[in-house]
1. Suppose we keep only residues that are modelled with pLDDT of 90 or more and among the aromatic types (Phe, Trp, Tyr) within region 102-128. Which one would you say is farthest from ASP184 (Cα to Cα)?
2. Please enumerate the residues belonging to region 176-192 that are among the acidic types (Asp, Glu) and more than 15 Å from MET206 (Cα to Cα).
3. On the basis of being farther than 18 Å from VAL60 by Cα, of a type in the set (Gly, Ala, Ser) and modelled with pLDDT of 95 or more, does ALA151 make the cut?
4. Report yes if ASP217 is exposed (fewer than 15 other Cβ atoms within 10 Å of the Cβ) and either among the aliphatic types (A, V, I, L, M) or not in a strand (DSSP E or B) (or both), otherwise no.
5. Going by the conditions given, is VAL83 modelled with pLDDT under 85, touching a strand residue (DSSP E or B) at 6+ places or on another chain (Cβ under 6 Å) and outside any helix (DSSP H, G or I)?
6. Find all pairs meeting these conditions: Cβ atoms under 7 angstrom apart; at least six residues apart or on different chains; first residue within region 150-175 and without any contact (Cβ under 8 Å) to a residue 24 or more places away in the chain; second residue β-branched (Val, Ile, Thr).
7. Hey, can you tell me all the residues within region 164-193 that are farther than 22 Å from TYR105 by Cα and either crowded, with 16+ Cβ neighbours inside 10 Å or polar (S, T, N, Q) (or both)?
8. Just one of the numbered conditions (1) in contact with a His (Cβ under 6 Å, 6 or more places away or on another chain); (2) surrounded by 19 or more Cβ atoms within 10 Å (Cβ to Cβ) is not true of ALA203; which one?
Amino acid sequence: MKKNFLSKAIAVLAVLITALPAASIAQGHVYMYDRGGHNRPSRPGYYAPEEVYFGFRMGVNAAQVKSEATYLESNSSRAGLMVGLVGGTQIAPHAPVFFESGLMYVEKGGKSDYGGDFTYNLNYLEVPMVFKYAIDIPNSPGISIQPMLGAYMGLGIGGYVKDFEKREAYHSFGSDPDQFKRFDAGLKIGCGLGIQMFYAELAYNMGLANIGHDMFDETHNRGISLTIGVNF
């Protein structure tokens, strides 16, 4: 399963890299790039290379814990909150390519009925690091589609594993085999929609770091997130 996920991610990266030059030519007449003069974008939501933007994001994350160890595998997703601040800047002077990062609070985890009824609550502070390519919609000022690809790093800050059958709960992060490591990292793939200063994004987060303590039966976070927000 991990090889299939990694193969898909590499395929998406290859497609995006191949498509960028052609998209730059096709969209060149839409964007006002800095070519040594003082031209600046004329609509909200587009930025000159030396400028930065900031944004607020809030949404929901449908997460699962995928593990080769049966006792940690979740067979259904858990919905959690996502909220945070981001900032970005245009990094290509002649193309609408942006780099964006920030700090997000993200609730992950999952649900399992292996040997009982369990819910994993894994709460993280995450730093996303993604590249975006803004494709302007013709005859629709201020509207753009923004495919993105990048990575994230996270640190577990709290949460509980709840055993509803025994009515017990214990901390999600720790050194016991049925707990999780605090560090998480992985790939982030998705697409955003910008409408003037408003923004919506759908993304898939594929954890690559082993958050379990078993070196042979690895455990990873997986999740699909939907966020909305504003840029200013």
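The values are calculated or read from the model by the stated rules, or taken from the named source; none is laboratory data. On a predicted model such as this, the values are computed, not experimentally measured, just so you know. Don't worry about glycine lacking a Cβ; one is built from the backbone with ideal geometry, like all the others, and counts go over all protein chains shown.
1. Out of the qualifying residues, it is TYR120.
2. Passing the criteria: ASP176, ASP178.
3. Judged against the criteria, ALA151 is a match.
4. So ASP217 fails the test.
5. No: the conditions fail for VAL83.
6. Sorted first by the residue in region 150-175, then by its partner, the pairs are ALA169/VAL161; TYR170/VAL161.
7. SER175
8. With (1) in contact with a His (Cβ under 6 Å, 6 or more places away or on another chain); (2) surrounded by 19 or more Cβ atoms within 10 Å (Cβ to Cβ) applied to ALA203, the lone miss is (1).
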